[in-house]
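What follows draws every value from the coordinates through simple rules; no lab data is involved. Note that this is a predicted model, so its numbers are computed, not measured. Don't worry about glycine lacking a Cβ; one is built from the backbone with ideal geometry, like all the others, and counts go over all protein chains shown.
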Amino acid sequence: MSPSEAQPEPPASTAASAGATSEGAPAPTSWVVVAALSAAQFVMVLDSTVMNVSISQVVEDLDTTVSAMQAAITFYTLTMAALMLVGAKLGDLWGRLRAFVIGAIIYALGSLTTALSPNIAVLFTGWSVVEGVGAVLVIPAIAALIADNYEGRRRVTAYAMIGAASGAAVAAGPLIGGFLTTYASWRYVFIGEVVVMAVVVLFARRIADRHEPVRLRIDVLSVLLSSAGLIAVVLGMLQSKTWGWIIPLQSPEIGGVEIAPLGVSLTAWLIMVGVGLLAWFALRQRRLIDSGREPFLDVSLLRIARLRSGLSSLGAQYAVTAGLFFMVPVYLQMTLGLDALQTGLRIFPLSISLILFSFAGTRLSTRWSPKRIVVVGQVVLAAAGLLLLASVDQELRQVAFSVGMFIAGAALGLLASQLGNVNMSSVGPEKSSEVGGMQGVFQNLGSSLGTALIGSMLISALATSFAGGVASSDLPGDVRTAVAEATDDGVELVPASTVAEIGTDAGLSDDDAAELTRVYGDAQLQALQVAFVGLIAIALLALLLSRGIPDEVEGRAPPSRGGRNAKVPEEIEERP
């Protein structure tokens, strides 16, 4: 029996609301509960992807700039990074269901504000701040409430549905955003979110919360350390494409002075400071525990091998997903010139297979261990990367690309079917809110790292390939020199079709502009190939993170140890 199944019987009032059995476990819960929680999860993830394809239209409608929109996207991520652990702790303080409902209402208000925003300041407030605050209450509560409402095989299926909702939102975001932006308005995306969250709140009465709110004192220093540390790390990674990792590229300026202390990129400084603050945070939690006070986060949970591996694998999964969804739109839109809707349609096979294989993974788990399913998913993901790498060309190899996207979705579906349950079943229900918050942090860190690494590889390879291509091209010597000087600080990622116009505006002849376009297009493809190799490497490295994931089929007795057939409790067995 797992720790989550060995809990004492809840108070009568709580048991009644949850429909608890005489053994203290919840009675079989309607799938309406997980449907409502999955809908909330879908909206949370959708918001992170749908706006990327709508930026140009939002800029035009609000009379703002691309940089302002990118700042809004970045700040939304930072809000979640800073407050995710706080949201999990408030779930314990208020009750998981109450935190979920409050977060859903806040999120809906933020979405409505965004939909009606007349300018960038209102959009920034509604989306980047208010929605972000709502999300940090909802995301940890979803994981904890699944643990409260389902047991055994039903819990595995419920977590697979949550994982499928997340993956489907990532893949469907460009399609939904592209369709509504093309045929209606980006504002309808946020109006739709208001409607979905309103329905979720209406169905919240069907959700059981088996844990009463607890009295606790939140350590303010711990909040500040965790928030500042996560903000510094995430911001550094997100800005690495612009600022550079070590050597400064385009450093931020204050009063005309570039900020690059000791000639080192601000990215490196932010990450180092962030890691230092998080180390201080961990030390602070240990001191609170030693002094008999309530820690803000029980860092001793990371001693559980399956939880460490589950969280690390989850972070790697999100890193690969974020990297994939950074590269594919670049290829489809910048290289091939497809619009947002066409891009979404090319990505759609991944959404279908991810949903299908999320449920296939739950069926497989009756015969295969979680570790075997996760390892197969990671290997298949690397294989999908190879197929997508082979399909990258000036002309889209439609069949190979579609098959590659379908296989990638299948791999992500297998991972999604297991990792949520692996993490949440590592602890008892009383710690599920904390682990839900940790999952949110690792998802955020993984997504930021994936975008940063793949984006940096893409931009760096583009600059190198373009410089080499120009140097060996048939362009006149003075043109080669001028282009080399203009791109000395790097090359911007622009649609390949616009390069000829840029060259003509710069005074090049039509033939030279066409040659420059060819060189840039070739450089883009080479850069994409390098980035795909990086993605494959991340998928393969993720195999090293799965060593602690359980290698036993759920429900089967483990192999006997020392002549005994009794199962060792998980939390003892998996601690080093």
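What separates the Cα centres of the range 295-362 and the range 94-148 is a distance of 22 Å. The separation of the range 224-240 from the range 372-451, counted between C-alpha centres, amounts to 23 Å.
Counting neighbouring Cβ atoms within 10 Å and putting the fewest first, the residues Phe348, Phe296 line up as Phe348, Phe296. With R₀ set to 45 Å, the beta-carbon distance separating Ser291 from Val66 gives a calculated FRET efficiency near 0.35. With a simple spin-label model that places each label point 7 Å from the Cα along the Cα-to-Cβ direction, the separation between Arg153 and Ala184 comes to 4.0 nm.
In order along the range 95-110, the phi-based Karplus estimate (6.51 cos²θ - 1.76 cosθ + 1.60, θ = phi - 60°) of 3J(HN,Hα) comes to x, 4, 5, 5, 4, 4, 5, 4, x, 5, 5, 4, 4, 5, 5, x Hz; Gly and Pro are listed as x. Using the Cβ-Cβ distance between Leu541 and Arg205 with R0 set to 35 Å, the FRET efficiency works out to roughly 0.20. Helical content alone sets the calculated 222 nm signal of the chain at -23500 deg cm²/dmol, taking -39,500 (n - 2.57) per DSSP H segment of four or more residues and averaging over every residue. In plain terms, the residue of Ile254, Ile102 with the fewest other Cβ atoms within 10 Å comes first and the most crowded comes last, giving Ile254, Ile102. Relative to the dominant Cα principal axis of the chain, helix 152-183 is inclined by about 30°. Taking every lysine pair in the chain that is 8 or more places apart or spans two chains, those with Cα atoms closer than 24 Å amount to 4.
Extension gain for Val553 to Ile191 (0.36 nm times residue separation, less C-alpha to C-alpha distance): 126.0 nm. Exposed loop positions in the chain were taken to be GluC sites (Glu not before Pro) whose DSSP state is not H, G, I, E or B and which have at most 11 other beta-carbon atoms within 10 angstrom. Between these positions, the longest stretch is 24-394. Here the Karplus relation 6.51 cos²θ - 1.76 cosθ + 1.60, evaluated at θ = phi - 60°, turns the backbone of the range 221-229 into coupling constants of 4, 5, 4, 5, 5, 5, 5, 5, x Hz, with x for every Gly and Pro.
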